[in-house]
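The values are calculated or read from the model by the stated rules, or taken from the named source; none is laboratory data. If you're wondering where the values come from, they're calculated on a predicted model, not measured in any experiment. Methodologically, a virtual Cβ is constructed for each residue, glycine included, from the backbone with ideal geometry; neighbour enumeration extends over all protein chains shown.
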């Protein structure tokens with residue numbers, strides 16, 4: 001073999017090293033499996049069925065899955081822009097410095113750097129804070145005037161907010177996408193899209209003044225109006241407060257790993273920053289997006305402390321799976337608690353596997 | 001490779017599509033949330049749900065009782081569970097803006113702490129719990145006494161004395177029995193709640209731990225070991241009305257339901273709690289109150305406020321105490337509460353009532369017309385010829401009895417009695433007759449004169465026995481003993497005290 005080394009080198013099969021990797025790796029995997037097996041041995045299919053038959057637990061499963069998915073999407077909507085901003089902080093802020101005279105640029109540059117460090121540190125707060133404290137902080141926040149006002153609006157003006165704000169805005173984004181895809185790269189396409197967006201919004205505002213518009217608004221009001229504290233929105237908010245921090249961290253790392261070269265090339269070829277972001281960076285960060293979403297989703301599923309304090313544990317209202325585990329445990333129903341935990345693990349494994357296979361499979 | 005111009009819009013669509021798809025998914029999930037498939041049966045319109053913060057350990061009995069109550073009353077009960085201290089913290093932070101009506105902590109230490117912090121009002125006792133030593137089912141370590149634990153250095157989990165009453169109560173009992181120091185050496189872990197201790201025992205992480213007797217019934221896999229050191233110790237479970245509630249009446253009604261011996265108590269006893277002493281359930285109980293007439297002005301406002309807050313009816317019968325006693329003796333169906341004008345009349349029927357509380361005192365005075373035209377200064381002056389004098393009837397009212405005693409003490413009975421034109425069962429009647437001018441003077445309570453100060457003058461009688469004390473007592477075997485207890489607390493409250501003073505009474509009772 002050594003004679004033909006110059007032509008083709010076959011690495012030696014370093015079995016002790018591989019064995020070491022396997023042994024060390026399997027201790028942790030083994031621990032996880034052992035935990036699950038211990039749980040499974042503590043419960044019986046009967047307990048699992050009993051848990052699934054309970055209306056309260058079915059509600060908790062339903063609310064958990066729904067709220068976690070909403071939380072994951074919301075976390076992504078925040079994490080992608082924030083992660084990108086933090087990752088390309090210098091490149092994104094540098095052009096703004098041209099307005100400052102040459103000798104003085106160090107001052108805003110220093111300020112920007114400090115801001116970045118501060119934001120970076122703040123983003124760790126939800127991660128390091130004890131979960132109960134996050135919940136307590138949310139609860140206290142919603143006693144203050146601005147947040148209490150938002151809560152009041154959510155309970156009393158939801159119809160108007162949805163009909164004249166949220167719905168025209170989000171559907172307007174679709175209108176923009178449609179306009180742009182129809183016009184393609186024709187000149188002024190961006191301006192036409194914006195015009196369509198504004199017109200779309202105006203149509204909604206005008207519709208709100210007509211009698212059918214009012215009926216529509218009051219229907220939205222009765223259907224979607226909700227308090228925040230101790231209600232479903234508080235569950236999502238509590239989960240979001242913690243999950244988003246993890247998603248932002250993940251997205252930031254994802255963007256950091258993408259070399260800025262491609263973007264810079266795109267910029268030199270005439271792309272604007274936003275075009276470079278949508279065409280070049282985001283498709284490359286697809287893996288990061290999927291990872292951030294799954295991490296946020298998983299984190300939200302297990303979130304318990306803030307939910308307990310901020311949303312309470314009202315059956316059929318704000319009870320999510322970890323709350324069920326807590327409730328069952330606190331009345332000494334260990335079997336029920338373990339059954340629900342296994343249910344949670346199973347749900348999480350299924351969802352995470354699906355996302356990994358389909359999400360990463362395509363991008364990979 | 002540079003992407004061709006044609007492929008750009010496609011790229012744009014891909015990233016944008018993902019973004020828009022996530023928005024659409026978000027919207028549809030929120031819509032799904034709004035159309036709750038698991039919605040509870042809608043409560044009848046116009047009723048507000050009752051928000052109850054309930055210690056997680058009480059979930060089973062409270063959930064059962066709440067479900068029944070919802071059917072009986074049509075009021076939606078929203079139960080929210082948590083640790084007692086967490087819930088109390090939430091009440092403190094959020095009760096200003098979020099209605100919490102009732103608080104059911106796991107033991108009474110939280111009631112005291114909540115009251116000290118001004119968060120809670122009435123507390124209705126629901127059940128009692130006794131501490132027991134729990135071991136794993138089958139008693140694998142063959143533990144039979146505390147000495148076993150200490151001698152064999154077994155592992156014990158103890159509930160945190162600051163956070164859970166079972167920890168505090170057992171520690172106090174062991175300290176008193178001088179066993180704590182030895183026992184403490186066995187404690188390998190301190191847990192925040194009693195159920196955590198129980199769970200540790202079940203999974204075998206420790207050999208034993210103190211829990212409530214109810215815990216053993218509720219949680220499978222535990223066995224009780226009798227421990228002489230904690231016999232005779234117990235804690236009370238209560239339902240507390242949150243001070244900030246907007247619907248105290250509804251909260252109290254549900255609390256009464258939970259505490260009632262025929263509705264709520266069976267649920268608690270089924271789950272291992274010791275119950276007893278609750279009232280009979282009645283949506284609007286009718287409590288019969290016998291009270292001496294002179295007390296009417298001082299208590300009427302308190303009674304009305306109590307009726308309104310509790311959502312109950314107080315059927316008050318005011319009369320001379322002798323008449324009230326006669327009525328009681330004549331019929332089996334006595335009052336639930338007797339508020340007498342003088343201890344004299346309470347002693348006559350004391351066998352029907354529990355221990356009495358002296359609430360107030362009232363001074364006997366000479367009532368004369370404004371300006372005292374007949375120059376009456378002392379009792380003997382009532383003997384002046386031609387005076388028309390009124391006094392209380394010695395058989396019909398406490399005032400009459402006290403008057404006779406006072407006259408005898410003053411040795412003026414004969415002189416005064418020859419001028420007495422009328423003997424009435426109540427002091428108010430005397431005041432009315434004075435006002436109409438049919439009497440020149442009367443002997444009555446200072447409280448009787450309080451309402452007629454612009455027409456009458458009161459002259460103090462400086463004789464020690466010219467003083468009556470008003471006892472309050474609850475009938476033995478009353479169906480509403482707890483409710484009557486709260487009525488007594490209302491009578492003893494600060495506001496009530498002010499009313500008594502305003503009507504000339506002296507205050508005798510301590511604050512409840």
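Yes/no per residue for (1) more than 13 Å from chain A (Cβ to nearest Cβ); (2) in contact with a helix residue (DSSP H, G or I) (Cβ under 9 Å, 6 or more places away or on another chain); (3) modelled with pLDDT under 85:
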| residue | (1), (2), (3) |
| --- | --- |
| B:24 | no, yes, no |
| B:30 | no, yes, no |
| B:35 | no, yes, yes |
| B:38 | no, yes, yes |
| B:44 | yes, no, yes |
| B:47 | yes, yes, yes |
| B:57 | no, yes, yes |
| B:69 | yes, yes, no |
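Condition check ((1) touching a helix residue (DSSP H, G or I) at 6+ places or on another chain (Cβ under 6 Å); (2) part of a helix (DSSP H, G or I); (3) modelled with pLDDT of 90 or more; (4) crowded, with 22+ Cβ neighbours inside 10 Å) across all residues:
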site: B:81; (1), (2), (3), (4): yes, no, no, yes
site: B:96; (1), (2), (3), (4): no, no, no, no
site: B:110; (1), (2), (3), (4): yes, yes, no, yes
site: B:124; (1), (2), (3), (4): yes, no, yes, yes
site: B:128; (1), (2), (3), (4): no, no, no, no
site: B:134; (1), (2), (3), (4): yes, no, yes, yes
site: B:148; (1), (2), (3), (4): no, yes, no, no
site: B:161; (1), (2), (3), (4): yes, no, no, no
site: B:168; (1), (2), (3), (4): no, yes, no, no
Report task. Of the conditions (1) more than 9 Å from chain B (Cβ to nearest Cβ); (2) under 24 Å from residue A:95 (Cα atoms), residue A:287 clears all except one; give me its number. Result -> (2)
**Report entry** Check on residue A:341, in contact (Cβ under 8 Å) with a residue 60 or more places away in the chain and either within 13 Å of another protein chain (Cβ to nearest Cβ) or more than 27 Å from residue A:129 (Cα to Cα) (or both)
**Finding:** no
Query - Those strands (runs of 3 or more DSSP E) lying entirely in region B:410-482 with at least 2 residues over 30 Å from residue B:335 (Cβ atoms) - result: B:420-424, B:456-460
Query raised in the report: Which is surrounded by 22 or more Cβ atoms within 10 Å (Cβ to Cβ) and over 24 Å from residue B:121 (Cβ atoms), of B:211, B:189?
Result: B:211
Report task. Could you tell me whether region B:179-188 includes any residue that is closer than 30 Å to residue B:252 by Cα and either assigned to a loop (DSSP other than H, G, I, E, B) or touching a residue at least 12 places away in the same chain (Cβ under 8 Å) (or both)? Result -> no
**Report entry** Among (1) more than 26 Å from residue A:142 (Cβ to Cβ); (2) more than 9 Å from every other protein chain (Cβ to nearest Cβ), the one test that residue A:325 misses
**Finding:** (1)
Report task. Would you check if residue B:251 is within 28 Å of the chain's Cα centre (by Cα) and either more than 26 Å from residue B:199 (Cα to Cα) or more than 14 Å from chain A (Cβ to nearest Cβ) (or both)? Result -> yes
Requested in this report: Could you list, in sequence order, all residues of region B:405-418 that are touching a residue at least 60 places away in the same chain (Cβ under 8 Å) and touching a helix residue (DSSP H, G or I) at 6+ places or on another chain (Cβ under 8 Å)?
Outcome: B:406
Query raised in the report: If we keep just the residues of region B:203-243 that are part of a helix (DSSP H, G or I) and out of contact with any helix residue (DSSP H, G or I) (no Cβ under 6 Å at 6 or more places or on another chain), which is farthest from the other protein chains (Cβ to nearest Cβ)?
Result: B:228
Report task. Determine, yes or no, whether residue B:402 is touching a residue at least 60 places away in the same chain (Cβ under 8 Å) and closer than 14 Å to residue B:365 by Cα. Result -> yes
Query raised in the report: Taking residue B:344, is it at pLDDT below 85, part of a helix (DSSP H, G or I) and surrounded by fewer than 24 Cβ atoms within 10 Å (Cβ to Cβ)?
Result: yes
Query raised in the report: Which number in (1) at the interface with chain B (Cβ under 10 Å from one of its Cβ atoms); (2) over 20 Å from the mean Cα position of the chain (by Cα); (3) surrounded by fewer than 21 Cβ atoms within 10 Å (Cβ to Cβ); (4) farther than 19 Å from residue B:82 by Cβ marks the one condition that residue A:261 misses?
Result: (1)
Report task. Could you run through region B:306-327 and say how many residues are more than 23 Å from residue B:360 (Cα to Cα), part of a helix (DSSP H, G or I) and in contact with a helix residue (DSSP H, G or I) (Cβ under 7 Å, 6 or more places away or on another chain)? Result -> 2
Query raised in the report: Just one of A:161, A:140, A:150 is facing chain B (nearest Cβ under 9 Å) and within 26 Å of the chain's Cα centre (by Cα); which is it?
Result: A:140
